[in-house]
Amino acid sequence: MTETSTPRTDWADPHWQATALEWVADRLDRSGRRVTGPVEPRVRPWSLVWRVPTDSGDVWFKANNPGTRHEAALLAELARLTPDRVLHPIAVDSGRGWSLLPDGGPSLRDTLAAEPDLSRWERLLPGYAALQLTVAPHAQRLLALGVPDHRPAGLPERFEVLLDDEEALLLGAENGMDPELHQRLRAYRGEFEALCGRLADFGVPASIQHDDLHDGNVFVAADGYRFFDWGDASVAHPFGTLLVTLRSVAYAGELSADDPALLRLREAYLEAWTDRYDRAALREAAGLAMRVTAVSRALSWQRALVTPDPARAEYAEAVPGWLGELFAPLPV
């Protein structure tokens, strides 16, 4: 369900809250449910999330800021294209960036905390790859819905523009980018463009790229896994997903870059493409994709933090921080 665009107001504004609560109650009523208590909010500069108690269990309302507003429309499209791998929204207002979702159950993080087992990642990554393969033919549709374009061909230009955004880079500020790194990145522009060109030459079709796929953004259900929290997502080279995923697994498990477990996860993910590409080529493409995706991560943070919310300062160093990761070792 999508509706017409309405300007977003301050999430703390009582009128905005009353309007949003009325929308939630109406959409729940249409599905035979009703609100049974006060909402519990969680506010970040890029989104507001309410846990809404109902007579059929909790549901979750999310309002995105302008930089991540595409998530609402994306959720509806992914539910249509890959119904077994994401939650089905109860309602979506893509114009306002609002979504209402059922409870997804335990997260992978909670599940692994109770029972550490990296083989879960080996089982779920092929499913995520299958989602990307299913969505790839619809990439233009996602772009038309407002999902950001981080495809390799256009990434060098976006990198160049980002380097000129001294405010986002916190250039010369405490916890910001130092001028020496800034000059190093400027000198790297030609090499970065060449890397993007090599990556595009492999011919792997662009698809949805979650860009923040860690164990906190996966639900564990009896019939499989559900991927959620798509606010950072873009249309990009699919393999870029591995940057955050493998780094998060390595961090949680205190694994070194040469740990066989990380290599197994990479291979489990790439398996879905081996019917059409040589595995050695896939490994090379994965390395290139993880390298250039550092810029994608910086761009995602830049978008998310275009807000007057003073709380943005707590997260602002993520933009220069991710650009600095261009020169860091890869997870594998």
T19-A257 pseudo-label distance in nm [points 7 Å out on the Cα-to-Cβ vector]: 4.9
Relative contact order (%) - the chain, alpha-carbon pairs under 8 angstrom, separation at least six: 19
Degrees, to the nearest 10: 119-135 long Cα axis against longest axis of the chain: 80
Percent of Cα-Cα distances greater than 26 Å, calculated over the chain: 50
Separation in nanometres of the label points that stand 7 Å from Cα toward Cβ, at E191 and S56: 5.6
Carbon and sulfur %, accessible surface of the chain computed with the full protein complex present, 1.4 Å: 51
Pair D110, A136: separation of 7 Å Cα→Cβ label points (nm): 3.5
Percentage, to the nearest whole number, of Cα pairs in segment 1-108 over 20 Å apart: 36
Relative contact order [Cα under 8 Å, 6+ residues apart], segment 209-332, whole percent: 27
Segment 1-108: GluC sites (Glu not before Pro) in DSSP loop, at most 15 other beta carbons within 10 Å: E3
Under 15 Å from the E167 label point (7 Å along Cα→beta-carbon), backbone N, segment 40-62: none
Heavy atoms of S300: accessible area, 1.4 Å probe, square angstrom to 10: 0
Translational diffusion coefficient (Stokes-Einstein; Kirkwood radius from C-alpha pairs) of segment 118-275 at 10 °C, 1.306 mPa s, in µm²/s: 91
Electrostatic dipole magnitude of the chain [Cβ: Lys, Arg +1; Asp, Glu -1; Cα centre; debye, to 20]: 740
In segment 234-332, the GluC sites (Glu not before Pro) that fall in loop regions by DSSP, at most 15 other Cβ within 10 Å: E254
Gained length - V306 relative to R42, 0.36 nm times residue gap less alpha-carbon distance: 93.2 nm
Radius of gyration, Dmax [segment 97-198; alpha carbons; angstrom]: 19.8, 48
Where W301, W121 fall by accessible area, highest first, once all protein chains stay in place (1.4 Å): W301, W121
Segment 182-332: mean projected area of Cα convex hull, nm²: 10.7
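The values are calculated or read from the model by the stated rules, or taken from the named source; none is laboratory data. Just so it is clear, the model here is predicted, and its values are computed rather than measured. We place every Cβ from the backbone using ideal geometry, glycine too, and count neighbours over all the protein chains shown. Protein only, heavy atoms only, side chains kept; ligands, DNA and RNA dropped before computing areas. Shrake-Rupley method; radii C 1.70, N 1.55, O 1.52, S 1.80 Å.
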